[in-house]
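Undergrad: Right, I'll just put the structure down here and ask away after.
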Ligand code: V47
């Protein structure tokens, strides 16, 4: 029987009994240096839900534009309209990229971009319809709550109307981007012009009501406190209690290259210790989220593999091309092949389960 450090015994007991953890528990877990105990608890909870299964998707990321009228201080990807290096793909160019990726047996497209005032609902309708027409069996996770809000304001429509239109054109799920950190004071300091945390949650609730599942993220390792992180996770858990529409939670470690937040505040980025602890604590606090996904692009493939034994049951897919994290200094490759992902999962003791954007199982690889 594993012996936990005294300071965590009562929390371990709650978890064993299936009791919900509270705010103070979350903060104590964060303040504890007993990473292995926290990881073991998270892994126990992960195993209860998913056994040895580790989910992944053969997917491609497409960033259709980097033109953005936003002003998030952590972002190294955005360009102002007319800036050198600003780009916007035509719908045909996006569809062409996805068709090329289809050769890999693509099941998921992850489509996100900047807030570009030149792009209306019609642009996205063309992309979504085109992808669904040309690539059979693919599912599309696209447009963050921030992009949905922007599109609604541009078009003079409600969020509900925009979501209905996008769903009708082929959108299957929303990604979790734009959540950043909900705590108002920190949010104001890191992304002053972005929609509020409340608005982000409202848009996800609206998507859930329309039968569009969504993901959630948390950007950590910048100006926020442990209390802010726990508050963020508990607000997500509270919405999930009401709607059940979240599929996966993905913690995003702040990357400190080429962005004003890092430069002006002297930030260095997260540690591997913090990355693993955040994965594990997410699993323990988000007891109503089916999936905790590790984003290997930001965490790095090797540490991501370890995270699969610290409570994560899901790892980002093949990706193919990534711009947001790599502009901010991510050192990971652009692609992991299906084979590389499967090998990485098996070597961590997992059973790879290929899924689509709706977490429908495409293929389960049984180890013999
Ligand atoms: O919202 C931007 C983050 C997000 C930096 O839902 C940064 O399946 C770290 O949300 N350092 C976009 N992070 C990525 C995202 C995502 C990725 C993979 C899967 C899913 C999903 C969602 O990237 C932004 C922002 O929080 N980000 N700049 C940076 N310097």
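Undergrad: Which of (1) assigned to a strand (DSSP E or B); (2) surrounded by fewer than 16 Cβ atoms within 10 Å (Cβ to Cβ); (3) at pLDDT 95 or above does residue 352 not meet, given it meets every other one?
TA: (2)
Undergrad: Against the definition (out of contact with any helix residue (DSSP H, G or I) (no Cβ under 6 Å at 6 or more places or on another chain), surrounded by 15 or more Cβ atoms within 10 Å (Cβ to Cβ) and not in a helix (DSSP H, G or I)), how does residue 177 come out, yes or no? Give the derivation first.
TA: Working: out of contact with any helix residue (DSSP H, G or I) (no Cβ under 6 Å at 6 or more places or on another chain): yes; surrounded by 15 or more Cβ atoms within 10 Å (Cβ to Cβ): yes; not in a helix (DSSP H, G or I): yes.
Against the criterion (out of contact with any helix residue (DSSP H, G or I) (no Cβ under 6 Å at 6 or more places or on another chain), surrounded by 15 or more Cβ atoms within 10 Å (Cβ to Cβ) and not in a helix (DSSP H, G or I)), residue 177 qualifies.
Yes/no matrix, rows are residues, columns are (1) surrounded by 16 or more Cβ atoms within 10 Å (Cβ to Cβ); (2) closer than 29 Å to residue 356 by Cα; (3) more than 25 Å from the chain's Cα centre (by Cα); (4) at pLDDT 95 or above:
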{"residue": "5", "(1), (2), (3), (4)": "no, no, yes, no"}
{"residue": "18", "(1), (2), (3), (4)": "no, no, yes, no"}
{"residue": "22", "(1), (2), (3), (4)": "no, no, no, yes"}
{"residue": "27", "(1), (2), (3), (4)": "yes, no, no, yes"}
{"residue": "38", "(1), (2), (3), (4)": "yes, no, no, yes"}
{"residue": "46", "(1), (2), (3), (4)": "yes, yes, no, yes"}
{"residue": "51", "(1), (2), (3), (4)": "no, yes, no, yes"}
{"residue": "67", "(1), (2), (3), (4)": "yes, yes, no, yes"}
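Undergrad: Can I ask one more? Name the residues in the stretch 222-241 that are within 22 Å of residue 260 (Cα to Cα) and surrounded by fewer than 21 Cβ atoms within 10 Å (Cβ to Cβ), would you?
TA: If the condition is that a residue be within 22 Å of residue 260 (Cα to Cα) and surrounded by fewer than 21 Cβ atoms within 10 Å (Cβ to Cβ), then 223, 225, 228 are the ones that fit.
Undergrad: Next question, about the same structure. Please determine, by comparing only the residues of the stretch 283-307 that are away from the ligand (no atom under 16 Å from the Cβ) and farther than 16 Å from residue 238 by Cα, which one is surrounded by the fewest Cβ atoms within 10 Å (Cβ to Cβ). Reasoning before the result, please.
TA: First, the residues of the stretch 283-307 that are away from the ligand (no atom under 16 Å from the Cβ): 283-285, 287-288, 302, 305-306.
Now narrow it down to the ones that are farther than 16 Å from residue 238 by Cα: 302, 305-306.
Working: 302: 12, 305: 22, 306: 18.
Once the filter is applied, the top-ranked residue is 302.
Undergrad: Which count do you get for residues in the stretch 148-199 that are within 18 Å of residue 70 (Cα to Cα), touching a residue at least 24 places away in the same chain (Cβ under 8 Å) and more than 10 Å from the ligand (Cβ to nearest atom)?
TA: So the count comes out to 14.
The values are calculated or read from the model by the stated rules, or taken from the named source; none is laboratory data. All figures in this text were calculated on a predicted structure; none of them were measured in a lab. Note that each Cβ is placed from the backbone with ideal geometry, even for glycine, and that neighbours are counted across all protein chains shown.
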